[in-house]
Amino acid sequence: MKFPLRFAGLFLLTVTPLLGQPFGLTNRVANTTLRMPGSLPVTGYGVSNAFPGVIFQQPIAFASPPGETNRLFILEREGRVTVITNIASPNRTVFMDISGPVTTDGEEGLLGIAFHPNYAANRYFYLFYSLVTTTDAGPTRHQRISRFQTSASNPNQGVVASELPLITQRDEFSNHNGGDIHFGPDGYLYISLGDEGGQNDAGDNSQRIDKDFFAGIIRIDVDKLPANLPPNPHPARMGQTNYFVPADNPFVGATQFNGRAITNVLRTEWWAVGLRNPWRISFDPLTGALYAGDVGGSQREEVNLITRGGNYGWVYREGLSNTTIKTINAPPGFTSLPPIHEYTRGTAQNQGNSITGGVIYRGTRIPSLTGKYIFCDYGSGNIWALTPNGTNYVTSQFLADDPNIVAFGIDPSNGDVLMADIADPAVPIKRLAPAIISGSPPPATLADTGAFSDMPNLTPHAGIIPYDVNVPVWHDGAIMTRWFCISNVASRIQFRSTSPWTFPASTVWIQHLELELTNGVPASRRRVETRFLVRESTGAGVYGVTYRWGNSTTNATLVPDAGMDEEFVINDSGIVRTQVWHYPTRNECVTCHATPAGRALGFNTAQLNRDFNYNGVVDNQIR
């Protein structure tokens with residue numbers, strides 16, 4: 001029997017504190033079994049050991065042969081090409097060692113690796129490395145790009161004697177080498193090159209397409225297709241023509257550059273110019289877009305979207321600003337493309353001083369990063385993500401912090417982002433992974449929640465109280481059973497007769513839903529889901545999770561954050577239909593149980609003012 005609402009508050013304020021629970025519930029029992037976290041995890045990103053127990057010496061670049069998902073090649077700066085032959089059970093195997101000729105002064109070393117698009121058939125791979133040798137330019141340090149071949153009898157062994165140099169360029173400085181090489185989706189080889197070194201383009205190499213191969217990105221045809229062109233003479237080719245120039249390279253046939261006539265020998269290899277030290281380039285495997293991280297001089301670090309024939313400003317511009325030394329030398333015809341992102345150099349800004357270009361994430365484990373460009377700063381350790389938007393400028397999102405990262409790569413088995421740490425011998429290869437910043441994950445199964453002492457019969461543990469409502473919400477024809485719990489017996493609900501109640505922290509509501517697969521036949525009931533709504537331990541809000549029973553009658557499993565749908569075949573008075581059942585997302589739970597609705601939608605005076613049978617004792621629920 002319902003009692004008048006005008007007396008409802010009086011009972012709770014006067015009788016309950018004095019007599020406990022003298023009516024349908026004879027005493028209030030604490031619950032000690034529920035294991036729902038005080039709040040759901042606030043997730044972020046962290047760095048983990050990608051291959052525990054596997055050690056590399058100064059790793060500096062990654063690659064995998066096209067189409068392979070179980071091998072990862074890792075360059076060691078001193079001259080070793082190593083390979084993990086089974087990612088599921090990782091080890092380190094030396095694939096090839098050219099440490100003899102490799103020099104490691106300054107920023108030199110074995111810097112880049114790329115596998116031919118037809119590697120499975122021709123076994124060709126390419127390396128970029130530093131060495132001291134003699135060419136027509138003289139006996140000094142050089143940067144070399146060479147082709148090698150894998151052994152026909154051992155797929156995990158490169159053949160040193162198979163080397164075929166493509167370019168061996170004299171380099172007067174030990175820094176600003178670029179050194180990254182990648183085959184583009186067009187089958188051509190793209191090579192990043194710094195401005196040779198020194199400060200402020202000491203060798204006057206930038207903004208030149210008629211001198212050497214410095215300060216930009218070149219594009220060559222290693223297959224020497226008949227439609228393409230022989231390159232113009234240059235000492236770096238050592239009298240040989242081991243590559244061609246794609247006929248559609250942007251500067252083929254050029255007679256002017258920056259508004260001035262070209263008077264020296266044109267370098268048709270150029271694809272993009274005006275980069276100071278493009279430290280790591282990469283292609284988006286989905287769109288084919290080419291990105292570069294360009295290390296700045298004294299003002300800016302930048303991310304560039306590399307386009308055909310693009311001029312990115314160095315040495316007349318640095319990022320979005322004019323440089324302070326050589327800007328006045330810019331010719332009247334000079335124009336440049338801005339970066340899509342930049343940040344200020346210097347410790348005061350705590351952003352960094354040496355960008356490491358990254359990769360576009362196309363993996364499967366972190367959907368929140370899909371399509372984002374992941375990059376970092378070598379000095380500060382800041383790891384960021386940005387969402388490219390064509391050539392527009394975009395801002396970055398901070399992800400994690402780990403210094404000394406010199407290269408990004410992709411785990412071919414799952415698309416994870418890998419990072420090479422050149423200064424951490426204990427954890428040289430790292431993995432970007434989701435991380436819990438605060439809170440705890442909800443239990444994985446319904447049994448783990450501690451709500452029920454008898455799962456088949458759904459008998460709740462002590463302190464978990466059943467209840468019912470006057471006007472149940474429609475749940476797609478499901479039959480609902482309800483419980484609630486306030487574990488701490490000292491906690492109280494703030495009652496209001498005509499407006500939402502206020503609930504103590506850690507209040508838990510439970511709803512269990514079942515469907516009759518044949519309408520009107522109780523024996524056909526199928527357990528569908530059991531939902532939890534939890535008042536957070538801080539009292540700031542609520543969160544909701546749900547558990548799906550599937551075909552089980554003894555346990556249910558946690559539904560993912562994103563929710564899910566499931567089909568049920570229903571016999572509705574002889575008409576068979578398919579019903580799509582929607583398991584709510586975590587966001588949908590919070591959206592419905594919003595503050596204006598009082599968080600718990602059916603837990604209020606109007607809904608609860610009714611009788612309930614408490615194990616044979618019938619009494620008003622509010623009382």
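A crude spin-label estimate for the pair Arg526 and Thr553, with each label 7 Å from Cα along the Cβ direction, gives 1.5 nm.
Kindly identify region 379-418 as rounded, prolate or oblate by the Cα gyration tensor criterion: order the square roots of the eigenvalues as a ≥ b ≥ c, call it rounded if a/c is under 1.5, otherwise compare a/b with b/c, prolate if a/b is larger, else oblate. Verdict is oblate for region 379-418. Protection proxy ranking of 446-452, 399-405, 310-316, 142-148, by the mean of other Cβ atoms within 10 Å over each peptide's residues and highest first, is 310-316, 142-148, 446-452, 399-405. Sequence-ordered 3J(HN,Hα) estimates for region 86-103 from the Karplus curve with 6.51, -1.76 and 1.60 and θ = phi - 60° stand at 8, 4, 5, 9, x, 8, 10, 10, 7, 7, 6, 10, 10, 5, x, x, 6, 9 Hz, glycine and proline given as x.
Give me the net charge for the shell around Gln57: Cβ to Cβ below 10 angstrom, other residues only, Lys and Arg +1, Asp and Glu -1. Neighbour charge sum, excluding Gln57 itself: +1. Against the criterion of solvent-accessible heavy-atom surface with a 1.4 angstrom probe, Lys326, Lys211 sort, most first, into Lys211, Lys326. A P(r) calculated from all alpha carbon pairs of region 386-484, with 5 Å bins opening at zero, reads 2, 8, 10, 11, 12, 9, 7, 6, 9, 10, 10, 5, 1, 0 percent. Relative protection proxy for 195-204, 227-236, from highest mean packing down: 195-204, 227-236 (other beta-carbon atoms within 10 angstrom). Relative contact order of the chain, taken over Cα pairs closer than 8 Å and 6 or more residues apart, is 13 percent. By the gyration tensor of its Cα atoms, with a ≥ b ≥ c the square roots of the eigenvalues, what is the shape of region 125-194: rounded for a/c under 1.5, prolate for a/b over b/c, or oblate? Since a/c reaches 1.5 but b/c is at least a/b, the shape of region 125-194 is classed as oblate.
A value for Rg and Dmax of the Cα atoms in Å was derived from the coordinates, and within the list (i) 24.2, 82; (ii) 33.4, 105; (iii) 30.5, 106 it appears as (ii).
Contact order, relative form, for region 277-418: 20 percent (alpha carbon pairs under 8 Å, 6 or more residues apart, mean separation divided by residue count). Plainly put, region 221-378 has a radius of gyration that is 1.02 times its Kirkwood radius, both from alpha-carbon atoms, as the Rg/Rh ratio. Per-peptide packing, taken as the mean over residues of other Cβ atoms within 10 Å, places 96-107, 67-78 in the sequence 67-78, 96-107 from highest down.
Expressed as a whole percent, the accessible area of region 468-623 that falls on carbon and sulfur atoms is 53 (1.4 Å probe). Just the protein heavy atoms count here, and of the accessible area of region 63-198 at 1.4 Å, carbon and sulfur take up 45 percent. Projected onto planes of every orientation and averaged, the convex hull of the alpha-carbon atoms in region 101-219 covers 8.0 nm².
Under 18 Å Cα to Cα from Lys430, which aspartates and glutamates show up? Leave out anything in the same chain fewer than 8 places away. Straight-line reach from Lys430, under 18 Å: Glu76, Asp377, Asp401, Asp402, Asp411, Asp416, Asp421. DSSP finds beta bridges in region 502-623, and of those with both partners inside it, around 95 percent are antiparallel. Heavy-atom accessible surface of region 275-421, averaged per residue, reaches 37 Å², computed with a 1.4 Å probe. Oblate is the label for region 510-623. Its Cα gyration tensor axes, ordered a ≥ b ≥ c, give a/c of at least 1.5 and b/c at or above a/b. On a per residue basis, region 98-173 carries 39 Å² of accessible surface, using protein heavy atoms and a 1.4 Å probe. The residues neighbouring Phe612, those whose beta-carbon lies less than 9 Å from its own, together hold a net charge of -2 under the Lys/Arg +1, Asp/Glu -1 convention. By the equivalent-ellipsoid construction on the alpha carbon gyration tensor, region 485-537 comes out with semi-axes of 33, 14, 9 Å, ordered largest to smallest. Quick check: net charge around Ala447, other residues with Cβ under 13 Å of its Cβ, Lys/Arg +1 and Asp/Glu -1? Local net charge: -1. Using 0.36 nm per residue and subtracting the Cα-Cα separation, the extra length available between Met564 and Val576 on full extension is 2.0 nm. Look at the alpha carbon pairs under 8 Å that are at least 6 residues apart: their mean separation over the length of region 481-609 gives a relative contact order of 21 percent.
The values are calculated or read from the model by the stated rules, or taken from the named source; none is laboratory data. For clarity, every value in this text was computed on a predicted model and none was experimentally measured. Neighbour counts are summed over all protein chains in view; Cβ atoms, including those assigned to glycine, are modelled from backbone coordinates with ideal geometry. Keep in mind that these areas ignore ligands, DNA and RNA; they rest on the heavy atoms of the full protein, side chains included. Shrake-Rupley method; radii C 1.70, N 1.55, O 1.52, S 1.80 Å.
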